[in-house]
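Colleague: Let me begin by handing over the structure; questions about it come next.
The values are calculated or read from the model by the stated rules, or taken from the named source; none is laboratory data. For clarity, every value in this text was computed on a predicted model and none was experimentally measured. Cβ atoms come from the backbone with ideal geometry, glycine included; neighbour counts cover every protein chain shown. Surface accessibility is based on the protein's heavy atoms, side chains included, excluding ligands, DNA and RNA. Shrake-Rupley method; radii C 1.70, N 1.55, O 1.52, S 1.80 Å.
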Number of protein chains: 4
Amino acid sequence: MATLTLAEDRITDLITGNKILFHHGIVDAFGHISVRHDADPSKYVMSRHLAPGLVTRDDLLTYDLDSVPVEETTYRLYSERFIHGEIYKARPDVQAVVHCHAPALIPFGITATPLLPVYHMSAFIGTGVPVFEIRERAGMTDMLVRTAPIGRALAEKLGDRPMVLMRGHGATMAGRSIREAVYRAIYATQNAAIQLEALRLGAVTYLSEEEGANYDRYTLEVLHRPWNIWKRELEA
Amino acid sequence: MATLTLAEDRITDLITGNKILFHHGIVDAFGHISVRHDADPSKYVMSRHLAPGLVTRDDLLTYDLDSVPVEETTYRLYSERFIHGEIYKARPDVQAVVHCHAPALIPFGITATPLLPVYHMSAFIGTGVPVFEIRERAGMTDMLVRTAPIGRALAEKLGDRPMVLMRGHGATMAGRSIREAVYRAIYATQNAAIQLEALRLGAVTYLSEEEGANYDRYTLEVLHRPWNIWKRELEA
Amino acid sequence: MATLTLAEDRITDLITGNKILFHHGIVDAFGHISVRHDADPSKYVMSRHLAPGLVTRDDLLTYDLDSVPVEETTYRLYSERFIHGEIYKARPDVQAVVHCHAPALIPFGITATPLLPVYHMSAFIGTGVPVFEIRERAGMTDMLVRTAPIGRALAEKLGDRPMVLMRGHGATMAGRSIREAVYRAIYATQNAAIQLEALRLGAVTYLSEEEGANYDRYTLEVLHRPWNIWKRELEA
Amino acid sequence: MATLTLAEDRITDLITGNKILFHHGIVDAFGHISVRHDADPSKYVMSRHLAPGLVTRDDLLTYDLDSVPVEETTYRLYSERFIHGEIYKARPDVQAVVHCHAPALIPFGITATPLLPVYHMSAFIGTGVPVFEIRERAGMTDMLVRTAPIGRALAEKLGDRPMVLMRGHGATMAGRSIREAVYRAIYATQNAAIQLEALRLGAVTYLSEEEGANYDRYTLEVLHRPWNIWKRELEA
């Protein structure tokens, strides 16, 4: 088992976040969530190669921002750990990253229809989110972010936004905390499902840029409310 | 803990109503339900700021119709309590109010397609329900009903109807009892989901005004039937 | 408690059928299932006015085919019991009747799109099913089959078919056994959900009349297979 | 009880595979999964006629490739066992076969819209999958693969592909192991559900042939990851 110097509350939230994402169908056997190290911003913590629903404390590994484990390990690693390392490098404000293949999000990565905020719960979507086309940087791949350069290209596409869709693959969300990254993953997916239905009915009125920004500023204040019920659901 | 003078059956139904709405996906971590005070119609009772699925007796607070707690409290309050107070002010017939963001209802608040009754279970929809556009009264907000004047505008838009849709936000249902408000929230959402599917198939025959009114008169007589099975579901 | 002379296997299947229909979302708090009396074909057995998920042996009442309880009772009765009595009168081959408001079926009763068999599991749909328009016989009602004449009109519309859709209301299935009526309710609903999706994709090839008839002849032979797993689901 | 000489790990995976397919809604009371015999490639093992969710070790029978049980049995057999035997005959590389009626797949068998890979998880779909039209070989049937010749026609249509859709019926998946066949059944169904949604939004970018092939080569390496969480779900 690896040495784990991460603060206890981040360990707890990271394990809980893995399970919440699984319980809500945001990740299935695949996908992952990481957190930046609280004491050393040049490190992050994430599970070894494992379904998120199975992650325990003993599965957590510490990586540097090149996504190399800081201690030698015999564990198999997530192939796409570079998503996490490269976003932490590019975005000092980001404390947590979720990568997922949530079904409702896929259509918005493979068509020209932009994901836009249908209600305040997903206000963070703002004026839309970027779509990463791996072919632009890496040609015909197996779709995975298997290297630091591809991870860097993804981080560039993300820019200063809260999330990025990935064509034929899924999405990656960034947050100022584990709770915010999980919140964004859950409500981006919910938004996608609602938007798919609304688009059937004709022209849609989305949140304006100002409405979205106004609510988004408020989100951090109320993150404990969903987090507490999501934790309770895991106990039931 | 606050003093609670509400009749015991209203306390029980309020706590049960919170849990039923959560169990049926009408509310998630957000949304709330209140009941008018049985002994003093100028007061109402609602939980402190908390996910509905977690509400217990100790979380219930009594408010006046300006949505000010009648006893001092250190509890955080729902930002949108004005929805409740202003509807109780405007509608003496209303004994309970549900506010929610049920996904199936959102499309009918952000497009021009009116919500109409596809079957007798949602007969209360009648000839359609109003849609509240917060921009009309308050310009670019964070979408929340954070003040008494916005609450009043919502109550005006509701008028004498059983529910009001809120653009980019959700919906609010009024009822002559907690059970009726919960019933309306559940079947308005079910109606929205069915209507979305039916509209794919071509022209839809909705209940006529007379058919809707005829069934709606009957609803109060049979509310115990869904309530009993919804309670049983919570025990399972 | 009423005297119950129904054969023990019909009692068991009737109670189980109520619970299976609820577990599969075919009925919610509303809807009902009945069985013809094995010893006296001029009687049928059905629950008192109660959500199907709550029905126990003590709730079962025996009715004549005019839908009058054969013993005096203080229990409240289903308003729409005439659906059952009138079908048993008109159709000596029918041993069980399900009435439901399954959401996926509603669109096919309120639009001009006919329900047609997308696969062998719902082969009994054959060349389509009739739609009952209560306005034709009874004008502007509250949509309920509250009288024997309306029940008779429904039975006439059903004719010799396995089921009838009811505009703005739901559907009624007939079967040669409780298991067949439950099977038809579950797979008609599944067919509706699949057909709604298939129609998005363009022209649909349905089962031909001959294919449908061929498989339908086989269904009775394999009804024990779904019944056994549906029973097991109730235990879990 | 029949003599069972299959390797212990294949027995365990076969029983687990039955239950995973049921838990994920790929099979309901109908559908089946088989495995080739590890010691004798001219035999395969599959349950007797039983809902997959109920299969135990004692229900497993060994068949030759003509789908005749190698020991006399009084058990009823799956009518469509010829699907399995004929595919094992035609495809020496295949070690496991799943046959199912998963709802999301049906629309792609009854319309002209081809099933195509929306993301890497279903990369095995490649440039599309064949559709078996039973009428071409057998005219108007009851839709079931009840004979060796129809089974052979299905195996021919499958060709060297990972799966074949069956018009008005379902689909059959082949795999190099039980885990791969189950994986393909689950993600083909997930792909179908996502593709149905994406097609609403306009032109869809699917995986290219090269992208699909690149990821598919990698799948075997990570099959333990979904399998472990699917097993854990069964315990919960």
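Colleague: Are there any pairs with C-beta distances below 6 angstrom linking a residue in the stretch B:111-124 that is closer than 15 Å to C:ALA102 by Cα and in contact (Cβ under 8 Å) with a residue 12 or more places away in the chain to a residue that is among the small types (Gly, Ala, Ser) and part of a loop (DSSP other than H, G, I, E, B), with the two at least 6 apart or on different chains, and if so which?
Modeller: B:TYR119/C:GLY168
Colleague: Taking the condition of being within 14 Å of chain A (Cβ to nearest Cβ) and β-branched (Val, Ile, Thr), how many residues in the stretch B:44-55 meet it?
Modeller: Start the filter on the stretch B:44-55 by keeping residues that are within 14 Å of chain A (Cβ to nearest Cβ), which leaves B:47-55.
Subsequent filtering for residues that are β-branched (Val, Ile, Thr) retains B:55.
Result for the stretch B:44-55: 1.
Colleague: Shifting gears a bit: Looking at the stretch D:148-165 only, could you name the residues that are assigned to a helix (DSSP H, G or I) and either under 12 Å from D:TYR88 (Cα atoms) or among the hydrophobic types (A, V, I, L, M, F, W, C) (or both)? Don't jump to the end; show me each part of the working.
Modeller: Applying the first criterion (assigned to a helix (DSSP H, G or I)) to the stretch D:148-165 yields D:148-158.
D:ALA148, D:ILE150, D:GLY151, D:ARG152, D:ALA153, D:LEU154, D:ALA155, D:GLU156, D:LEU158 - these are the residues of the stretch D:148-165 that are assigned to a helix (DSSP H, G or I) and either under 12 Å from D:TYR88 (Cα atoms) or among the hydrophobic types (A, V, I, L, M, F, W, C) (or both).
Colleague: Taking the criterion of being among the aromatic types (Phe, Trp, Tyr), open to solvent by 20 Å² or more (accessible area, probe 1.4 Å) and within 14 Å of another protein chain (Cβ to nearest Cβ), would at least one residue in the stretch D:79-100 satisfy it? Walk me through how you get there before you give the answer.
Modeller: Step one: of the stretch D:79-100, the residues among the aromatic types (Phe, Trp, Tyr) are D:82, D:88.
Next, from what is left, pick out any that are open to solvent by 20 Å² or more (accessible area, probe 1.4 Å): D:82.
Those left that are additionally within 14 Å of another protein chain (Cβ to nearest Cβ): none.
Scanning the stretch D:79-100, I find no residue that is among the aromatic types (Phe, Trp, Tyr), open to solvent by 20 Å² or more (accessible area, probe 1.4 Å) and within 14 Å of another protein chain (Cβ to nearest Cβ), so the answer is no.
Colleague: May I pose another question? For the structure I just gave you, tell me whether D:LEU196 is surrounded by 15 or more Cβ atoms within 10 Å (Cβ to Cβ) and touching a residue at least 40 places away in the same chain (Cβ under 8 Å).
Modeller: Values: surrounded by 15 or more Cβ atoms within 10 Å (Cβ to Cβ): yes; touching a residue at least 40 places away in the same chain (Cβ under 8 Å): yes.
The answer is yes for D:LEU196.
Colleague: Sort out which residues of the stretch D:42-55 are under 18 Å from the mean Cα position of the chain (by Cα) and in a loop (DSSP other than H, G, I, E, B), and write them in order of number.
Modeller: Result: D:ARG48, D:HIS49, D:LEU50, D:ALA51, D:VAL55.
Colleague: Could you tell me which numbered condition D:THR219 fails, if it satisfies all but one of (1) at pLDDT below 95; (2) β-branched (Val, Ile, Thr); (3) touching a strand residue (DSSP E or B) at 6+ places or on another chain (Cβ under 8 Å)?
Modeller: Result: D:THR219 passes all but (3).
Colleague: Another one. Quick one: which of D:GLY31, D:GLY25 is within 12 Å of chain C (Cβ to nearest Cβ), in contact with a Cys (Cβ under 8 Å, 6 or more places away or on another chain) and in contact (Cβ under 8 Å) with a residue 12 or more places away in the chain?
Modeller: Details: D:GLY25 fails: in contact with a Cys (Cβ under 8 Å, 6 or more places away or on another chain).
Only one candidate qualifies: D:GLY31.
Colleague: Only one residue in A:THR205, A:THR189 is under 22 Å from D:GLN195 (Cβ atoms) and hydroxyl-bearing (Ser, Thr, Tyr). Which one? First the steps, then the outcome.
Modeller: On the way: A:THR205 fails: under 22 Å from D:GLN195 (Cβ atoms).
Unique residue meeting the criteria: A:THR189.
Colleague: Can you tell me which residues in the stretch C:1-35 are under 12 Å from C:ALA96 (Cβ atoms) and open to solvent by 40 Å² or more (accessible area, probe 1.4 Å)?
Modeller: C:ARG10, the sole residue that qualifies.
Colleague: What is the number of the single condition among (1) more than 14 Å from every other protein chain (Cβ to nearest Cβ); (2) open to solvent by less than 50 Å² (accessible area, probe 1.4 Å); (3) among the small types (Gly, Ala, Ser); (4) within 19 Å of C:ALA7 (Cβ to Cβ) that C:ALA39 does not meet?
Modeller: Here C:ALA39 meets the rest and fails (2).
Colleague: Could we say that C:PRO69 is away from chain B (no Cβ under 14 Å) and open to solvent by 20 Å² or more (accessible area, probe 1.4 Å) here?
Modeller: Working: away from chain B (no Cβ under 14 Å): yes; open to solvent by 20 Å² or more (accessible area, probe 1.4 Å): yes.
When the stated conditions are applied, C:PRO69 passes them.
Colleague: Does A:ASP58 satisfy the condition of being surrounded by fewer than 22 Cβ atoms within 10 Å (Cβ to Cβ), more than 14 Å from chain D (Cβ to nearest Cβ), part of a loop (DSSP other than H, G, I, E, B) and touching a residue at least 12 places away in the same chain (Cβ under 8 Å)?
Modeller: Numbers: surrounded by fewer than 22 Cβ atoms within 10 Å (Cβ to Cβ): yes; more than 14 Å from chain D (Cβ to nearest Cβ): yes; part of a loop (DSSP other than H, G, I, E, B): no; touching a residue at least 12 places away in the same chain (Cβ under 8 Å): yes.
So A:ASP58 does not fit the description; no.
Colleague: Determine if the stretch A:97-117 includes at least one residue that is more than 27 Å from B:ILE106 (Cβ to Cβ) and touching a helix residue (DSSP H, G or I) at 6+ places or on another chain (Cβ under 8 Å).
Modeller: yes
Colleague: Give the residue, chosen from D:ARG167, D:ARG146, D:ARG152, D:ARG179, that is within 25 Å of D:THR111 (Cβ to Cβ), surrounded by fewer than 24 Cβ atoms within 10 Å (Cβ to Cβ), at pLDDT 95 or above and of a type in the set (Lys, Arg). Full working, then the answer.
Modeller: Values: D:ARG146 fails: within 25 Å of D:THR111 (Cβ to Cβ); D:ARG152 fails: within 25 Å of D:THR111 (Cβ to Cβ); D:ARG179 fails: within 25 Å of D:THR111 (Cβ to Cβ).
That would be D:ARG167, the only listed residue that is within 25 Å of D:THR111 (Cβ to Cβ), surrounded by fewer than 24 Cβ atoms within 10 Å (Cβ to Cβ), at pLDDT 95 or above and of a type in the set (Lys, Arg).
Colleague: Can you go through A:ARG161, A:ARG184 and tell me which one is among the basic types (Lys, Arg) and more than 21 Å from B:VAL27 (Cα to Cα)? Steps first, please.
Modeller: Working: A:ARG184 fails: more than 21 Å from B:VAL27 (Cα to Cα).
Just one listed residue meets the conditions, A:ARG161.
Colleague: Which count do you get for residues in the stretch D:147-171 that are under 16 Å from D:HIS101 (Cβ atoms) and within 14 Å of another protein chain (Cβ to nearest Cβ)?
Modeller: Here is the first cut: in the stretch D:147-171, the residues under 16 Å from D:HIS101 (Cβ atoms) are D:154, D:163-171.
After this cut, where a residue has to be within 14 Å of another protein chain (Cβ to nearest Cβ) as well, the list is D:165-171.
The total comes to 7.
Colleague: Continuing with this model, one more query. Among the residues of the stretch A:101-133, what is the count of those that are assigned to a helix (DSSP H, G or I) and away from chain D (no Cβ under 11 Å)? Break it down stepwise before answering.
Modeller: Step one: filter the stretch A:101-133 for residues assigned to a helix (DSSP H, G or I), giving A:103-110, A:120-125.
Then keep just the ones that are away from chain D (no Cβ under 11 Å); that gives A:120-125.
Total meeting the criteria: 6.
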